[in-house]
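One structure below.
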């Protein structure tokens, strides 16, 4: 049996949760975030809401009460927490397959962090621009993944090598997003990158799972990484290129 929610069910639940937030005197403000804040949802969109909590000390109690609500009234099956500064995103999986993200933050930190924030009730602090991805940091993560790809391959650990290859591939795409002014986090801008960039990185995907193939993929992702470095951080590229190329040389040449 396939469980699936409809857009109508999703919209109805969101309205119900926002109404409950209005009636909770501990919540100083509520907002719709994500694609729903712009009316850009599609059939696969989830629910993203944010709540400011008047007293920081009440945050654990408020979260516990809302968690109980999600399990008792809305068929939650499981949840996890994702932290971002003062924000705690409690993410629920519902029985129908719907994801519901409820963000809780003390009132003093309740504000728009991006353009996808629409205040529905209460008040919010002055908006704060989210810090964009930093090319230096992304590049650093890229060569760090490179170290682990190399060591995993040398040890014959192909599954670990593929895991690290995926991480390095993501850093290449993130670096390209920074260069093109696209959102880099969570792959949100990857599909908007120019076709030649995406095509180049696609060459680093594994075609089969045998000993030589990860080395070929490693060399391909290295070329894409160096190309992005030359665009964004040419001085860094000049310093590290020789070392990175040597690392990607396979035992078969």
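Observations on the model:
- Residue 48 vs. criteria surrounded by 16 or more Cβ atoms within 10 Å (Cβ to Cβ), under 19 Å from residue 95 (Cα atoms) and either touching a helix residue (DSSP H, G or I) at 6+ places or on another chain (Cβ under 8 Å) or in the same structural domain as residue 112 (by TED's automatic domain parsing) (or both): yes
- Qualifying residue in the range 79-91 (condition: part of a helix (DSSP H, G or I) and modelled with pLDDT of 90 or more): no
- When 105, 100, 120 are checked against the criterion of being in contact with a strand residue (DSSP E or B) (Cβ under 6 Å, 6 or more places away or on another chain) and farther than 19 Å from residue 15 by Cβ, a single residue qualifies: 105.
- Answer residue from the range 157-206, given it is in a loop (DSSP other than H, G, I, E, B) and at pLDDT below 90 and is surrounded by the most Cβ atoms within 10 Å (Cβ to Cβ) among those: 184
- Any hit, the range 95-102, residues being closer than 19 Å to residue 117 by Cα, over 22 Å from the mean Cα position of the chain (by Cα) and touching a residue at least 40 places away in the same chain (Cβ under 8 Å): no
- Cβ pairs under 7 Å, 6+ apart, first in the range 64-93 and more than 16 Å from residue 50 (Cα to Cα) and in the same structural domain as residue 27 (by TED's automatic domain parsing), second modelled with pLDDT under 95 and not in a strand (DSSP E or B): 75/95; 77/95
- Scoring residue 237 on the criteria (1) surrounded by 17 or more Cβ atoms within 10 Å (Cβ to Cβ); (2) in a helix (DSSP H, G or I); (3) touching a helix residue (DSSP H, G or I) at 6+ places or on another chain (Cβ under 6 Å); (4) in contact (Cβ under 8 Å) with a residue 12 or more places away in the chain leaves a single failure, condition (4).
- Residue 30 buried (at least 19 other Cβ atoms within 10 Å of the Cβ) and touching a helix residue (DSSP H, G or I) at 6+ places or on another chain (Cβ under 7 Å): yes
The values are calculated or read from the model by the stated rules, or taken from the named source; none is laboratory data. For clarity, every value in this text was computed on a predicted model and none was experimentally measured. In this analysis, Cβ positions are derived from the backbone assuming ideal geometry, glycine residues included, and neighbour counts consider all displayed protein chains.
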